[in-house]
Every structure is written in C-alpha cells, then in structure tokens.
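Beneath this line is the structure, given in structure tokens, with notes to follow.
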Amino acid sequence: MKRTVFVLALVLVVGALPAIAADGNLPGGTAISVAIDDPADGDTFAEGAAVDVHGTAAVGVGTPIKDTTVVYVIDVSGSTFAFAGVNCDGVAGIDRVLTCEKEGIKAANAAAADANSSVANSGVVAFQTGAAALDVDPAAGTQLLTAPGPNIDAAVAPLTSGGGTNFTAAITASNTVFADAAVKPTKLLIFITDGFGSFGGGALPAGTVVSSFAVGTGSACTGNLLAVTALGAAGSSCEEVTDPSDLADAITDSIGSSLDSLDLEVDGGGATAIPNSDIDPDLPLDGPDSVDYWTTTAGLSAGTHEICVTANGTDAGGQGSVEDCVDVTLVAATCVETENPHGNKKPTAPANGGQGQNQDGFYVIGSTSGEAVFVLDDGSGSAFGPFADGTDIKYTEDDDAVPSVQAMGANNGSGNNGENQGNDTDFHVIGTGDALVVYIDGFGNVTTTACLVPPPPQ
C-alpha cells in the first residue's frame, strides 16, 4: 500500500501508519515474513542520497498452513539394544541406542505439535527384519496418522529391540502410511538407523523429502542408506550423528524451519545479500524467530526508485521466499533560466548559450518534487528562503553588496518591482557569489544546483 506523505515547508511528515509486513509461507507451510519499516512508501530524499533501509523478518512466527505429514521410520533391530555410551533421556545412566532414537522422535514430535509448526499429522514405522506401520491413535480401528502430540509418544514408547535391519521393508511400510487419505501435500520421511541395512530398491510418493540419520559409529551415510535417501525429492539429506545424544536436535531441525538470508534489490537491478553485520541476530536462524536489519542503498539518482527486501527460508517442504517493496523518490533542485520581464527577453550566455546560464540572473527555482527550496550565496554563505517551487527570482552577484533578499512586483502587491522590470519576478536576491538552489529532505540530505550569473563563472 502507499503511505500518505504530507509536506510542510522543508520537513517531511509521514503519516503514522505502521509498516505492513509481506507475509507468505514456505513450501511446507511455515509462515515467513519481511517488512520494510523505513523508508515509508512514498518518502522523498535528496538526489544522490544513500537511503537507509530498516525492517524486520521472521520465520515460524505467524499463522502456518498445516500442510505437512511426517512419517518417523525407526530402526528397532537387535543392534539398537546396545548401549549408546551417552545419556539421552535425562534420567541418570547410560542409555541404549533405541532409547536415544525414541528421545529423538519425542523431541521432534514436541516441535511438530507447536502452534507455529506446519506439521498437520504424523505416523510411525518400526522396522527390523520386517516392518510395520503403527496404529498411532487410540480411536477404534487402525489409525496410521494422528496429530502431533501425545499419541505419537505413546506409539513409540513400547517399542523393543530385536531382529535384522531391512530397509526395503521399512520403505514398503512407509508407503502404506503415505497412502492414507489424510496425508498432506508436503511429505517428510524421517529415516533413523544405527546400522547398514539390506535394500532391494523401492520408491516413495512424488515430492517426498527424506531426512536420513545414521546413528552412532555403527552406521554411516554410505551404501544402502544413501540409496534410501536418494528415493527422496530435492532437499533430501543424510546426516551422520555419531553422538546419539545429539539425535534429538538433529531430527528436530529437519522438521523445523530456518530464516536463511536477506537480500536487497533496487529497481530490479539484481539482488545483493545483506551481510550479517547489518542483521541482528545473525543468519541463518532456526525458527520460530525474527531479526532486525539495517542496511543502506548506494546513492540514488533523481526519480522514483523501487527498493525491495527479500527474506529467504527453508522448512520441511524446501526453500522459499517473501518480498516487501517500497517506492521512494529522489528529488533534484532545479534552476531554469527565464525571461527578463522587461521586454520578455531570455538573455543567453556567451557562445549562443553554450554555458546554459542567464546573463541577467532571471530564474525559476524549485524542485522536481514540487517542494520548497532555499537559495545559498556561495560567496558569503548567506541562505535565503524557503521559496515555493516555481518561484521567479532575479539574482545579482555583487562583491561589494550586503547579501539580501527583497520582494519584487509579483510578490509585494505594488504591481511593479521598482526597477521598471515588470511584475513577473517574485524576489530579488543579492549575493557576493553565485547562487546555489538547495533542496533538503526530511532526513537531512542535501542536493544543490547552480544558477550562474556574471562575473565568471557564468
């Protein structure tokens, strides 16, 4: 939307309208937003100014689209009965690998149950020599999917270790869950194993992202585990978690969201990354969270410019972005030669106007935005004004004069200016040097243009 801008003398007063964030959703449904708080849409600046840009960006804050189904595939083979060498559940003592796997799912499930999460429902597959899609809801019948929360924890809790490690069976059972009518468009398979399983091939529904985790030192992202991961769509990955106590954080990150980077673009000229020195806190940042940014454009020429900031993020569905833009206007001071009212002649500079200035000192002054300007005598430093856009002046350079301004016929109500020069000129300005027309924006930036008169330069 356009912000209302009121101009009073030389001070910009911007209507007290809050910045409106550009809100969107990442491919998995997580909310992402970015807002340019300053400048406001419609602000004006002096020509050549570098515009300060400030705002906020957030991910996982706001209303998500609950568009994601997560299936946790947990290895319960005999090797998971081994001690992991670390504590995973917070209860004193060394835990078994299976306990660490369960704790990882519990942590991810808690994150999925958050109101800002994009996860709508979840299922569990347990595999060893064979595999089974678990009933994850106490309601009558077999429920393969349920909302994130206590039902998932309850389904995982009684699992025990035993048997071999059959990746093929795990994928087959996963497809049973993904065939459920309640599955959402964004599908994420969390594949957890502590071993090197057998795999005879298979397939997953189109678009399914696979996040595989090789737990402990007896597994690795090689061979058949990489083959399982490769069944997934773009964004699929395999992570080696050699310390099983780190598994909870690793899995939680895979279903979460992150704010990855911010870009600045002016007039569609190509995005430039905003560095972390201009962002607080640094990116990338796990959601839900937000940042403030303060950055600056290069100096801009006179005219209207579009300034855009893009927030880039990632969730279980992949990468996405959202953009907010404002238009600002860079204003130039103007000094246009005009006729000497006495005889309506427009004197030219020597060489038939080659210097483009008025030898008699008659000018129309103003700004490209229609805002008021000042006149500065560059000899004495004296300033006069403000003068409304479109004001007619006569400027006289006199080394011996006292710098001054006086109303002329067009402005003093007399019908003439006392100098037999007609009544079209508003002010007579006298200085010891040449005249500079000065525009000052509401942020203190200044731009000038010269009105040259004799003696040289002219």
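The values are calculated or read from the model by the stated rules, or taken from the named source; none is laboratory data. Quantities reported herein were computed from a predicted structural model and do not represent experimental measurements. So basically every Cβ, Gly included, is an ideal-geometry build from the backbone, and we count neighbours across all protein chains shown.
One table, with the values for the structure above:
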read-out: Residue, farthest from Thr176 (Cα to Cα), within the range 198-228, restricted to residues that are among the hydroxyl-bearing types (Ser, Thr, Tyr) and outside any strand (DSSP E or B); value: Thr217
read-out: Pairs where the first residue, in the range 212-235, is over 20 Å from Val71 (Cβ atoms) and the second is surrounded by 15 or more Cβ atoms within 10 Å (Cβ to Cβ) and acidic (Asp, Glu), C-beta under 7 Å, 6+ apart; value: Gly216/Asp194; Gly218/Asp194; Ala220/Glu240
read-out: Selection count, the range 260-312, where residues are among the polar types (S, T, N, Q) and at pLDDT below 95; value: 0
read-out: Condition broken by Ala120, with the remaining ones in (1) of a type outside the set (Val, Ile, Thr); (2) in a loop (DSSP other than H, G, I, E, B); (3) out of contact with any helix residue (DSSP H, G or I) (no Cβ under 8 Å at 6 or more places or on another chain) satisfied; value: (2)
read-out: Breaking point among (1) at pLDDT 90 or above; (2) within 19 Å of Ile365 (Cα to Cα), for Asp398; value: (2)
read-out: Residue tally, condition within 42 Å of the chain's Cα centre (by Cα), polar (S, T, N, Q) and outside any loop (DSSP other than H, G, I, E, B), over the range 63-111; value: 4
read-out: Complete set of residues in the range 288-310 that are crowded, with 17+ Cβ neighbours inside 10 Å and closer than 27 Å to Val446 by Cβ; value: Tyr293, Thr295, Thr297, Leu300, Ala302, His305, Ile307, Cys308, Val309
read-out: Selected residue [among the β-branched types (Val, Ile, Thr), closer than 30 Å to Gly164 by Cα and either surrounded by 17 or more Cβ atoms within 10 Å (Cβ to Cβ) or at pLDDT below 95 (or both)] from Val97, Val14; value: Val97
read-out: Filter result (under 23 Å from Asn116 (Cβ atoms) and surrounded by 21 or more Cβ atoms within 10 Å (Cβ to Cβ)) within the range 137-150; value: Leu145, Thr146, Pro148
read-out: Residues within the range 96-132 that are of a type outside the set (Lys, Arg) and farther than 18 Å from Thr68 by Cα, tallied; value: 14
read-out: Matching residues, the range 26-61, being modelled with pLDDT under 95 and either in contact with a helix residue (DSSP H, G or I) (Cβ under 6 Å, 6 or more places away or on another chain) or not small (Gly, Ala, Ser) (or both); value: Leu26, Pro27, Thr30, Val61
read-out: Boolean, Leu262 is part of a strand (DSSP E or B) and closer than 23 Å to Gly24 by Cα; value: yes
read-out: Residue, surrounded by the fewest Cβ atoms within 10 Å (Cβ to Cβ), within the range 311-329, restricted to residues that are more than 18 Å from Gly29 (Cα to Cα) and of a type in the set (Val, Ile, Thr); value: Thr329
read-out: Selection within the range 129-160 - among the acidic types (Asp, Glu) and under 41 Å from the mean Cα position of the chain (by Cα); value: Asp137, Asp153
